[in-house]
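Report on the following structure.
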Amino acid sequence: DEKLIRMKELAMQSSTGTYDDEQRAIMQDEFVAMRDEITRIANATSFNNISGLNASGTIKIHFGPGNSSAEDYYYVSQQNMTASTLGIGDLAIGSQESAQAAHELINSAIVTKDTGRAHFGAMINRLENTISNLAIQKENITAAESQISDVDVASEMMNFSKTQILAQ
């Protein structure tokens, strides 16, 4: 997030008429470093060798006891968040004109990134709620099993005592 914001700030600075070409070249160097870092992060982000930020496709997460796709699976769309797929892979701010043209593309990249982040956040919340519900189910099943077991022990103790009394 801060990388795109910083790129936007650099583009705004470079687009003003108060900087010369030498100063814009310095801004361009930082701009390229931010852009390269966005791609590096996207390429390095993975879990169990499954890429989350530089691939397109769907990850199927199985959480239920059956195999019903509507009830036992979540499908998470992978997001491609490299600089090139965000539309900023070839941007430059080395001239006033190129810096002015970069504004809209950077804003678009921010919206795309925010949309992807919102999607992941919604799925994380959904998975956390599912985990919570499954934990409650486990607790309820354990409590029910314990009650059944306790009733069986009490019943058997009553029968044992009855048999002991009758035997005397």
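The values are calculated or read from the model by the stated rules, or taken from the named source; none is laboratory data. If you're wondering where the values come from, they're calculated on a predicted model, not measured in any experiment. Here Cβ is always computed from backbone atoms with ideal geometry, including for glycine, and neighbour counts include all displayed protein chains. Note: areas computed on protein heavy atoms with side chains; ligands, DNA, RNA excluded. Shrake-Rupley method; radii C 1.70, N 1.55, O 1.52, S 1.80 Å.
Key figures
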quantity	calculated
Residues located in region 63-95, provided they are touching a residue at least 60 places away in the same chain (Cβ under 8 Å) and either surrounded by fewer than 16 Cβ atoms within 10 Å (Cβ to Cβ) or small (G, A, S) (or both)	F63, A92, G94, S95
Residues of region 69-113 satisfying the condition of being in contact with an Asp or Glu (Cβ under 9 Å, 6 or more places away or on another chain) and part of a loop (DSSP other than H, G, I, E, B)	A83, S84, G94, S95
Filter result (open to solvent by 50 Å² or more (accessible area, probe 1.4 Å) and either under 20 Å from R126 (Cβ atoms) or not small (G, A, S) (or both)) within region 42-53	N43, T45, F47, N48, N49, I50
Failed item in (1) more than 24 Å from T58 (Cα to Cα); (2) out of contact with any Ser or Thr (no Cβ under 6 Å at 6 or more places or on another chain), with G116 passing the rest	(1)
Condition broken by N107, with the remaining ones in (1) loosely packed, with under 14 Cβ neighbours inside 10 Å; (2) without any contact (Cβ under 8 Å) to a residue 12 or more places away in the chain satisfied	(2)
